[in-house]
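We did not get these values from a lab; they are worked out from the coordinates using the rules stated. Being a predicted model, the structure only gives us computed values, none of them experimental. Neighbour counts run over all protein chains shown; Cβ positions are idealised from the backbone, glycine included.
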Amino acid sequence: MGEVDKQLALRMITLFSGAVKGMAFYPPSHPAIRQPLLELDRLFGAALAQNGHITWGTVDGLMFFGEHLFITPSTAVADLTNRMMEKGIDRIVMESGLTFDELQEFVRLLSGTTDGPDELRARMERQQIRHILVARRKDAPLPDQPEEGDDEMGEGYALATYGQALGAIRGVCRDIEQGRIPSSAPVIGAVQRLAGITLRDPSTLLGLAMIKDYDNYTFNHCVNVGVLAMSLGAALGMDADGVREVGIAGQLHDIGKTMIPKEIVNKPGKLSGAEFREMQRHSELGAKIIREMEGLGPRVGQAVLGHHLHYNRSGYPEWARGFDYDRMIDIIAIADTYDAITTLRVYQHPVTPRAALGVMQKLMGTILDGDLVTRFVGMMGRYPVGTLVRLDTNEVALVHRPNPLDEEAPVVRIVLTADGARLPAPREQKLAERDGTSYARIVAVVDPLLKNIDVGSLINSRHY
């Protein structure tokens, strides 16, 4: 099945939001309503012909459409998100067979009624809207939504949980900026779900850590560090409590930056000496915030305080170098380093995942714990998830999952054909089968920027 790309998804949400808003001012026959509805009907029809159904909605204040999360929403996306949240609607599913009349009537109902989902569904039934479903999270699962007891299964669930973690971090930072002591419950809840996935297979979440939102670096970075720290913790044999704790510490490691002036945090160039000293305060400010939050153990605050101390304890804050720390701060330092150097910043070209491991190996014994780096490299494999590679068939592919039996032959998603054409839907391919047969071998690593490929969106789409 073909996946709706992010630009098309944004177009569909924008049209839908505009139609809902406009329906309050114009009759359905007015061009301001009818034209966007006609285009929306055409776009939904084409997408449903390929997919059968389309699921979209909100997760902790973030709009998603299929596999796409809109972390930096436009006004239209934000308006629709707020409208759905006010009405208690978490999911909307469009099904194959959807008619223009059903779409128009649904937009009218959504625009005019103040009812919740139960009343809205009753009105939809009376209007014979058969190919649109609305639901809350507590309702029966919708298509592509896991059963309650199936919470560690499926890439779609993992991606939705990642979105919940993002929403939790955004909420913590918003509370701090507004002078409130943030609640730890949303972060703990999201980490518990992510930890459940991680404990099944430490490599499951590695693709999520390739999600990069350059306009919201701090939020993404915090969640990615938590994901990577949990994966490494699970690979090291930590128990469930340990994996959850290192995940919470990883996700909260940089919250102290919320109290640093934004002109320093967001400065595109090199910081002055005074600015750097101010930035260094974020670890102790973060530890102070942790101490004020309910439900977090002292190890979390200790890890937040010490994540920049370095393995040889030459880092900051200087006054905290002599404390007795456990390995959690070194696990977070490794996750922090890997995500930072694989992310595009105004002042930094990102390093490919494979090259990043080489950079980290040069820091062994000084900045980073050498034993942990070795374990991290082993976990990531020779071609880490998110690496763009060229095959000996001349196809270009994205490493999607490691192969525990052969690190030279991971599972990939082919994105460019041998003649350089972009596939409309990347094709998943095992490079080697259990019986020894081989599809192809990797001959080179490719820079995704040179191919204009968004690794994060490709690695976390499952309708291929």
Worksheet, complete the sentence: One finds, for Ala46 and Asp241 with R0 = 56 angstrom and r their Cβ-Cβ distance, a FRET efficiency to the nearest 0.05 of 0.70
Worksheet item: Alpha carbon centre of segment 28-54 versus segment 202-244: separation in Å?
Response: 38
Response to the item:
Residues whose modelled amide H sits under 5 Å from the amide H of Val415, counting only those 5 or more places away in sequence or on another chain, are Val396, Ala397, Leu398
Worksheet item: Relative to the longest principal Cα axis of the chain, at what angle does helix 282-292 sit, 0 to 90 degrees, rounded to 10?
Response: 70
Worksheet entry | Cα gyration tensor shape of segment 10-94, rounded if a/c is under 1.5, else prolate or oblate by comparing a/b with b/c | oblate
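Suppose a student asked you for the relative contact order of the chain, using Cα pairs under 8 Å spaced at least 6 residues apart; what percent would you report?
11
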Worksheet, complete the sentence: Taking the reciprocal of mean 1/r across every pair of different Cα atoms in segment 388-459, the Kirkwood radius in Å is 12.3
Fill in: Spread of Cα-to-Cα distances over 20 Å intervals beginning at zero, given as percent, for the chain
23, 52, 23, 1
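For Met85 and Lys288, what is the calculated FRET efficiency with R₀ set at 25 Å and r taken between the beta-carbons, to the nearest 0.05?
0.20
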Practice prompt. Provide Glu119, Glu86 in ascending order of the number of other Cβ atoms located within 10 Å of each residue's Cβ, fewest first.
Written response: Glu86, Glu119
Worksheet item: About its Cα centre, how strong a charge dipole does the chain have in debye, to the nearest 20, once Lys and Arg get +1 and Asp and Glu get -1 at the Cβ?
Response: 940
Worksheet item: So for segment 151-380, taking the charge dipole from beta-carbon charges (+1 Lys/Arg, -1 Asp/Glu), which of Leu309, Asn224, Phe276 sits furthest toward the positive end?
Response: Phe276
Practice prompt. Would you work out which of Ala135, Pro410, Val377 lies farthest towards the positive end of the dipole of the chain? Charges go on Cβ: Lys and Arg +1, Asp and Glu -1.
Written response: Val377
